[in-house]
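Take a look at the structure below.
The values are calculated or read from the model by the stated rules, or taken from the named source; none is laboratory data. All values reported here derive from a predicted model rather than from experimental measurement. Glycine gets a Cβ as well: all are built from the backbone with ideal geometry, and neighbour counts include every protein chain shown.
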Amino acid sequence: MRKAMRALRIGDVTPASEAALTEVPIPEARPGWVLVRVRGIGMNHAEWELRHDEIRESYIAKPIIPGIEGVGEVADPSDQPFEPGQKVCMLMGGMGRMWDGSYAEYCLVRADHLFAIPEAACGLPWATLAAIPETYYTAWGSLFECLRLEGSDALMIRAASCGLGYAAIQVAKAIGAHVIATTHRERYFEPLRSFGADEIVLDTGVLEGAVLADKVLELSGPATLRDSLRCLNVGGICCDTGILGGRFTLDGFDPIKEIPNGRYLTGFFSNYPTQQAMDDIFSFVARHGIEPFVARVFDFDHLVDALAMQDKGGFQGKLVVIDER
């Protein structure tokens, strides 16, 4: 095996215009860690945040290779129960922040955040597999672990016109739920409808009185959380998962007065994936023929072009980078 690989490594604020692939040593497998040949990278807003601001934080292990998720093949299993060539996915747990992530040809992955891709999904192309781990795990955990979603439920997805929102629509519709999608822009009505939303509501910031749902997936976050709680039927649950509204905390929040009686508030943090969850998600996607919303697929040689598209914005769906050489 060769000794060097290409990767994006950053130590300071790095817009796409200043990014470049560089040659770095291929990490060596060690006890508790598995070396993976990266075949696909799903890009996330978290990596944009890292490149533009979070890199300044003291908890970032600088210089760092970004990338909080990826898929690939086991190159060296070390002391772990994986087989060379086995298809795997990796996500979260400090990946791309506290230890080097997936924006590279190889990634040394902490074993408790590396998961086998079930046989049912192994035939899917790398571009499809790469779009699944973080986005669908977050949707899955929010809908089933937190909201306890059932096919008879009316689900409101607030700020649905994002990658996570589209994934949540697909999963919810696959089990028969009635989906009410909200968005701030009328131009997103048709894409939301094409992904299965039953109702689409233009979000003015105040939906109380306009929408009633059994479950609410709140992707805007604290900016609209109070209003979303007032959109619940008695016995309903709101799961706060996103922060697209630009506010990170609820200052002065009074849960006694602001959580309506008989309604419930929870939240989902995607830092703790499990093999069982990955088995369920990949198998569900394959069984239901779900096609992730991919905005564009880039070859690894053009990773910097993908960063430029991410910086420019204005696209819908997930950016994916693959390396099939």
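When restricted to residues that are modelled with pLDDT of 95 or more, outside any strand (DSSP E or B) and of a type in the set (D, E, K, R), region 231-256 contains 0. All conditions in (1) crowded, with 17+ Cβ neighbours inside 10 Å; (2) not in a loop (DSSP other than H, G, I, E, B) hold for GLU49, with the sole exception of (1). Exactly one residue among ARG230, ARG287 is assigned by TED's automatic domain parsing to the domain that holds SER152 and either under 29 Å from ILE132 (Cα atoms) or surrounded by 12 or more Cβ atoms within 10 Å (Cβ to Cβ) (or both), and that residue is ARG230.
Yes/no matrix, rows are residues, columns are (1) polar (S, T, N, Q); (2) at pLDDT 95 or above; (3) touching a helix residue (DSSP H, G or I) at 6+ places or on another chain (Cβ under 7 Å):
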| site | (1), (2), (3) |
| --- | --- |
| GLY42 | no, yes, yes |
| ALA46 | no, no, no |
| ALA75 | no, yes, no |
| VAL88 | no, yes, no |
| GLY93 | no, no, yes |
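How many of the residues in region 177-203 are without any contact (Cβ under 8 Å) to a residue 12 or more places away in the chain and loosely packed, with under 13 Cβ neighbours inside 10 Å? Residues flagged as without any contact (Cβ under 8 Å) to a residue 12 or more places away in the chain and loosely packed, with under 13 Cβ neighbours inside 10 Å within region 177-203 amount to 3. With respect to (1) small (Gly, Ala, Ser); (2) surrounded by fewer than 16 Cβ atoms within 10 Å (Cβ to Cβ); (3) within 20 Å of the chain's Cα centre (by Cα); (4) on the phi < 0 side of the Ramachandran plot, the lone exception for GLY94 is condition (4). A residue that is more than 22 Å from ALA104 (Cβ to Cβ) and either of a type outside the set (A, V, I, L, M) or assigned by TED's automatic domain parsing to the domain that holds GLN170 (or both) occurs nowhere in region 299-311.
Quick one: is VAL321 part of a strand (DSSP E or B), in contact with a Leu (Cβ under 8 Å, 6 or more places away or on another chain) and among the β-branched types (Val, Ile, Thr)? Against the criterion (part of a strand (DSSP E or B), in contact with a Leu (Cβ under 8 Å, 6 or more places away or on another chain) and among the β-branched types (Val, Ile, Thr)), VAL321 qualifies. For region 125-151, the candidate set comprises residues that are part of a loop (DSSP other than H, G, I, E, B) and without any contact (Cβ under 8 Å) to a residue 60 or more places away in the chain; within that set, the residue that is nearest to GLU199 (Cα to Cα) is GLY151.
Only residues that are of a type in the set (D, E, K, R) and surrounded by fewer than 21 Cβ atoms within 10 Å (Cβ to Cβ): list them for region 215-226, please. Don't jump to the end; show me each part of the working.
In the first step, residues of region 215-226 are kept if they are of a type in the set (D, E, K, R); the result is 215, 218, 226.
Result: ARG226, single match.
Across region 275-303, the qualifying residues are those that are in contact with a strand residue (DSSP E or B) (Cβ under 8 Å, 6 or more places away or on another chain) and assigned to a loop (DSSP other than H, G, I, E, B), and the one among them that is farthest from LEU114 (Cα to Cα) is PHE293. You will find that of PRO66, PRO31, the residue that is crowded, with 21+ Cβ neighbours inside 10 Å and free of Cβ contacts under 8 Å to residues at least 60 places away in the same chain is PRO66 and no other.
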